[in-house]
Amino acid sequence: MDCWRNLLNKCSVKQLFLICLLCGIVYFTAHQIKCHDVLKWESSDIRHDTSLRYVYNPNCTTQSDREYEVDERKRFPTSIVIGVKKGGTRALLNMLEAHPDIVSAHREMHYFDYEENFKRGVEYYIDQMPVSRPGQITIEKSPHYFVTKYVPLRMAMVSPNLKLILIVRDPVSRLISDYTQLDSKKVVKNVKRQLFEEAVLLKNGSVNADYVPVQVGLYSMHLKNWLKYFPSDQILVLDGENFISNPYEELKRVEEFLQLKSYYQESQFFYSEEKGFYCWKTRRKTQPQCLGDKKGRTHPNVPDHVMEKLKNYYKSSNEEFYRLTHKNFNW
C-alpha cells in the first residue's frame with residue numbers, strides 16, 4: 001500500500017490517467033484471449049476424427065460464451081459409396097445429401113485408388129471433406145474403388161469400421177450406360193468412335209473380356225475381394241433397378257444401415273416425365289432437385305443376339321453374386 005501511495009503522490013493527473021488506461025487495455029486483451037475461439041489439433045484417433053477444431057473456451061466470463069461451443073470441423077468419412085460406376089451413385093449421393101444428418105464431398109475423392117493422393121496421407125484426405133457438426137456423418141463416393149483390387153486393403157488398414165455402400169444394377173444395362181458415357185466423350189473430343197457391338201465383341205463373336213466396362217460388371221469377383229477385408233454386415237448392397245423405380249425404399253435401407261433418424265417420406269419423391277426419372281423435394285430448398293442434363297443419355301439400340309451373348313457371359317457371375325448378397329436380383 002505504501003508503494004501505491006508513494007506512486008500516486010509522485011504522479012500527475014495525466015500520468016495517473018495513462019496508467020489507468022494501460023491497465024484497462026491489459027485487462028481487456030486478457031479477457032479477449034481467454035474467451036476467443038481456440039484452434040486445436042485433435043489427434044485422439046487419426047483414422048476417424050483428426051481435424052482442425054474450433055472450440056470456445058469454457059472459462060469465458062460471460063454466460064452466453066460459456067453456453068456456446070463450436071464443434072464444426074472436417075471429419076474422416078463414416079461411410080463411403082464404393083460403386084458401382086453407372087449404377088446410380090451420383091443420384092444416390094444427391095438424395096442422401098437431403099438428409100439433415102448427412103454431409104457429403106461434392107467430388108470423387110479418389111484417395112484410396114490414386115497413388116498420388118494416397119501418398120499425401122490421411123490429413124490430406126480429411127482436408128478434402130466438408131465441415132460437419134456433432135451428430136452428422138460424412139460420406140464420399142468414388143465408384144472406381146469397387147473395381148480396384150488394392151483399395152479394400154488400404155481402407156481396412158486406415159479405417160476398419162467403415163460402413164460401405166454399393167449400388168448395383170443389371171450388368172448388361174450398366175455396360176450399355178458405361179459405353180454411352182464413354183462414347184459421348186469421344187464425340188466431344190472428336191476422336192474415332194466404335195459401335196457398341198464392336199466394343200464389347202471380338203471379331204470371332206465372343207465377348208471382349210479385356211474391355212474394361214465389361215470387367216466392371218463381374219460383381220461377384222470384385223465383391224469377394226472386399227469380403228476378404230470387411231464383414232458382410234459392413235457392406236450395404238442396394239438394388240439400382242429398384243432405386244430407379246422406388247428411391248424411397250432404398251433410401252430407407254440406407255437410413256437403417258447408417259443408424260440415422262427417420263427423415264425420408266414417400267411424398268418427397270415424384271417422377272419427372274421430362275427427365276425420365278425421379279426428382280425429390282427437400283425441406284432446405286424450395287425448388288425440387290433433379291439430376292443434371294448429362295444424366296439420362298440416349299442409349300444405342302443393341303441387337304438381340306448381342307444382348308443374349310452378354311447375358312450368358314454374366315450369368316455365372318450373377319448367380320454367385322446372388323449367393324454372396326443373399327438376394328436374387330433377377331438379372
Next item on the list: Return only the number of the condition from (1) touching a residue at least 60 places away in the same chain (Cβ under 8 Å); (2) open to solvent by 20 Å² or more (accessible area, probe 1.4 Å); (3) polar (S, T, N, Q) that SER220 does not satisfy.
Entry: (2)
Check: From TYR150, TYR125, TYR145, which residue is under 14 Å from the mean Cα position of the chain (by Cα) and over 14 Å from VAL81 (Cα atoms)?
Finding: TYR125
Checklist line | Top-ranked residue in segment 265-307 [being assigned to a loop (DSSP other than H, G, I, E, B), modelled with pLDDT of 85 or more and closer than 21 Å to ASP170 by Cα; ranked as nearest to the chain's Cα centre (by Cα)] | finding: HIS299
Next item on the list: Identify all residues within segment 96-137 that are within 19 Å of LEU238 (Cα to Cα), in contact (Cβ under 8 Å) with a residue 24 or more places away in the chain and not hydrophobic (A, V, I, L, M, F, W, C); write none if there are none.
Entry: HIS99, SER104
Note to self: Please determine whether any residue of segment 128-135 is hydrophobic (A, V, I, L, M, F, W, C) and surrounded by fewer than 19 Cβ atoms within 10 Å (Cβ to Cβ).
What the structure shows: yes
Next item on the list: Give the number of residues within segment 206-241 that are among the small types (Gly, Ala, Ser) and assigned to a loop (DSSP other than H, G, I, E, B).
Entry: 3
Checklist line | Considering residues of segment 188-205 that are assigned to a helix (DSSP H, G or I) and modelled with pLDDT under 95 only, the residue most open to solvent (accessible area, probe 1.4 Å) | finding: LYS189
Next item on the list: Kindly indicate whether VAL254 is surrounded by 12 or more Cβ atoms within 10 Å (Cβ to Cβ), of a type outside the set (Lys, Arg) and in contact with a Lys or Arg (Cβ under 8 Å, 6 or more places away or on another chain).
Entry: no
Next item on the list: Quick one: which residue in GLU241, GLU255, GLU250 is over 26 Å from ALA156 (Cβ atoms) and either modelled with pLDDT under 95 or of a type outside the set (Gly, Ala, Ser) (or both)?
Entry: GLU241
Note to self: Taking the criterion of being open to solvent by 10 Å² or more (accessible area, probe 1.4 Å) and at pLDDT below 95, would at least one residue in segment 111-126 satisfy it?
What the structure shows: no
Next item on the list: State yes or no: is SER232 touching a His at 6+ places or on another chain (Cβ under 9 Å) and either polar (S, T, N, Q) or on the phi > 0 side of the Ramachandran plot (or both)?
Entry: yes
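The values are calculated or read from the model by the stated rules, or taken from the named source; none is laboratory data. Here the structure is a predicted model, which means the values were calculated and not measured. Using ideal geometry, Cβ is built from the backbone for each residue, glycine included, and neighbour counts are taken over all protein chains shown. Accessible surface areas use protein heavy atoms only, side chains included; no ligands, DNA or RNA. Shrake-Rupley method; radii C 1.70, N 1.55, O 1.52, S 1.80 Å.
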